[in-house]
Amino acid sequence: MYAQLVETGVKRVKSLEEMTPEERAFQERIDAEIKIEPKNWMPDAYRQTLIRQISQHAHSEIVGMLPEGNWVTRAPTLKRKLQLMAKIQDEAGHGMYLYSAMETLGADRDAEIDKLHSGKAKYSSIFNYPTLNWADMGAVGWLVDGAAIVNQVVLQRTSYGPYSRAMIRICKEESFHQRQGYEILLTMMRHGTQAQKDMVQDAIDRLWWPALMMFGPSDADSPNSAQSMAWKVKRMSNDDLRQRFIDQTVPQLEFLGCTAPDPDLKWNEERGHYDFGPINWQEFYDVLKGNGPCNRERVSTRRKAIEDGAWVREAAVAHAAKRQQKQNAA
Amino acid sequence: MSEWILFEVFVRSKHGLNHKHVGSVHAADANMALESARDLYTRRNEGVSIWVVPSAQITATAGDEKEPFFDPSQDKVYRHASFYELPDEVGHM
């Protein structure tokens, strides 16, 4: 979900009989739930898929700081401001864990970041929506981080060791994000004015569908899923993850006293799940292609941050060299 | 950033426990690596001590050589306490 539509470059999943001895040993290791580590042999397509998936995941964490950064200077209290900054710092940290995991596959961090800046690499569609009112900070924490948790909890069991370990670290930290988000909304609904309560509903109305889209296209339209599932870089299908998220979120929505912008959303006794209405996939593909409300702004903000920070990185190297020189002289 | 040095980070969580590998950071030098490691890996009191080691300085066993390399320890069951059967009357030992 933080990684959507990850290409595997594989048209059809090979059977064990069709594999070379190396490929077969690799697949059997995965089937036995033994983690793949950086120095193990792996098929090139597995390596490239993981680089795409992990870099996309990392980019999402980094770009994900921007919608929240929008509210740091406008948080309603000092306490909320500190919480928001702590959350944003966590997102930066999550990006770093993931870039490190990606580098163990031989990818270069700068090169992958360049791909983000040139529009070649994707990041989660959700971060291309604007955060228009303070309740959006609550809704992002609750819905967006909530959806992220559903996905990431499953990814803790992903087959690549460094990715799995990064996910375990990230999951430990994410639940703070979701709880602080929900608490923002709960406070507004319980103690807010009518205008503030309306802001909560407005935020949910705007972010509900984009949050559901985070899990990626329906299984029928996920050509890469079969290979990703066989490699266990993906552990549950998009639709199953989405359903799990909806099932756990609707009771929380009702507790808030809010509604979802979906007239078809209702409990299905027979299935034991909530039914929900059709998702506007055209919107999803448009946003992913770069035509969401904030795509251009997000990428140009990231680019500017890297460019404006160049002197800091140069200064750090100069300072390190100077310090080394002093040490050598002493 | 790729021209910076890659460091592996080890954190000791409580006094008395071993340092444990937690991840890596890029930094211009070791001092900067320590500060970045603190910000990245100990935001919630996870550590009382941090080591950073340039990744290039680590010598490791090759991933797929696992079996031959560790072979010598495979067939020595008598190194385990459970190898020795004692009568129940002896109690816990």
Given charges at Cβ of Lys, Arg, Asp, Glu: the protein assembly as shown dipole, positive-most of A:Thr301, A:Ala211, A:Gln324: A:Gln324
For the range A:42-180: rounded, prolate or oblate by the Cα gyration tensor [a/c cutoff 1.5]: prolate
Sum of side-chain charges, A:Asp308 neighbourhood, beta-carbon under 15 Å (Lys, Arg +1; Asp, Glu -1): +2
Per-residue HN-Hα couplings for the range B:28-36 [Karplus 6.51, -1.76, 1.60; θ = phi - 60°; Hz; x = Gly/Pro]: 6, 8, 5, 4, 5, 4, 4, 5, 5
Whole-Hz ³J(HN,Hα) from phi, Karplus 6.51 cos²θ - 1.76 cosθ + 1.60, for the range A:68-80, glycine and proline x: 7, x, 4, 10, 4, 7, 10, 4, x, 9, 4, 4, 5
Under-5 Å amide H pairs with B:Ser24, H placed in peptide plane, nonlocal only: B:Val9
Local electrostatic count at A:Gln89 - Lys and Arg +1, Asp and Glu -1, tallied over other residues with Cβ under 13 Å: -1
Relative contact order computed over chain B (Cα-Cα under 8 Å; 6+ residues apart), in percent: 27
The range A:16-329: proportion of alpha-carbon pairs further apart than 34 angstrom, %: 28
Test item: Cα-centred dipole of the range A:1-102, Lys/Arg +1 and Asp/Glu -1 on Cβ, debye: 620
Cα centre as origin, Lys/Arg/Asp/Glu Cβ charges: the range A:1-57 dipole, Debye: 220
Normalised contact order of chain A, rounded percent, pairs of Cα under 8 Å and 6 or more residues apart: 22
Charge dipole of the protein assembly as shown about the Cα centre (unit charges at C-beta), most positive-ward option of A:Trp134, A:Gly292, B:Val90: A:Trp134
DSSP loop trypsin sites (Lys or Arg not before Pro) with at most 14 other Cβ within 10 Å excluded, longest remaining stretch of chain A: A:158-270
Summed side-chain charge close to A:Phe255 - residues other than A:Phe255 whose Cβ falls under 13 Å, Lys, Arg +1, Asp, Glu -1: -1
Amide H within-cut-off set for B:Ser49, under 5 Å, with H built and near neighbours excluded: B:Arg12
Where the Cα pairs of the range B:3-75 fall when distances are cut into 5 Å bins, in %: 3, 16, 21, 16, 14, 12, 10, 6, 2, 0
Within the range A:16-329: Cβ-based charge dipole about Cα centre, in debye rounded to nearest 20 (Lys, Arg +1; Asp, Glu -1): 1520
Residue-wise HN-Hα coupling along the range A:96-111, computed from phi with Karplus coefficients 6.51, -1.76, 1.60 (Hz; x: Gly, Pro): 5, 4, 6, 4, 4, 4, 5, 5, 5, 8, x, 7, 9, 4, 4, 5
Relative contact order for the range A:200-292, counting Cα pairs under 8 Å that sit 6 or more residues apart, in percent: 29
Amide H within-cut-off set for A:Ser159, under 5 Å, with H built and near neighbours excluded: A:Val233
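Laboratory data are not the source of any read-out in this text; all were calculated from the coordinates shown. All values derive from a computational prediction rather than experimental measurement. For neighbour counting, all protein chains shown are included, and Cβ atoms are generated from backbone atoms with ideal geometry for every residue, glycine included.
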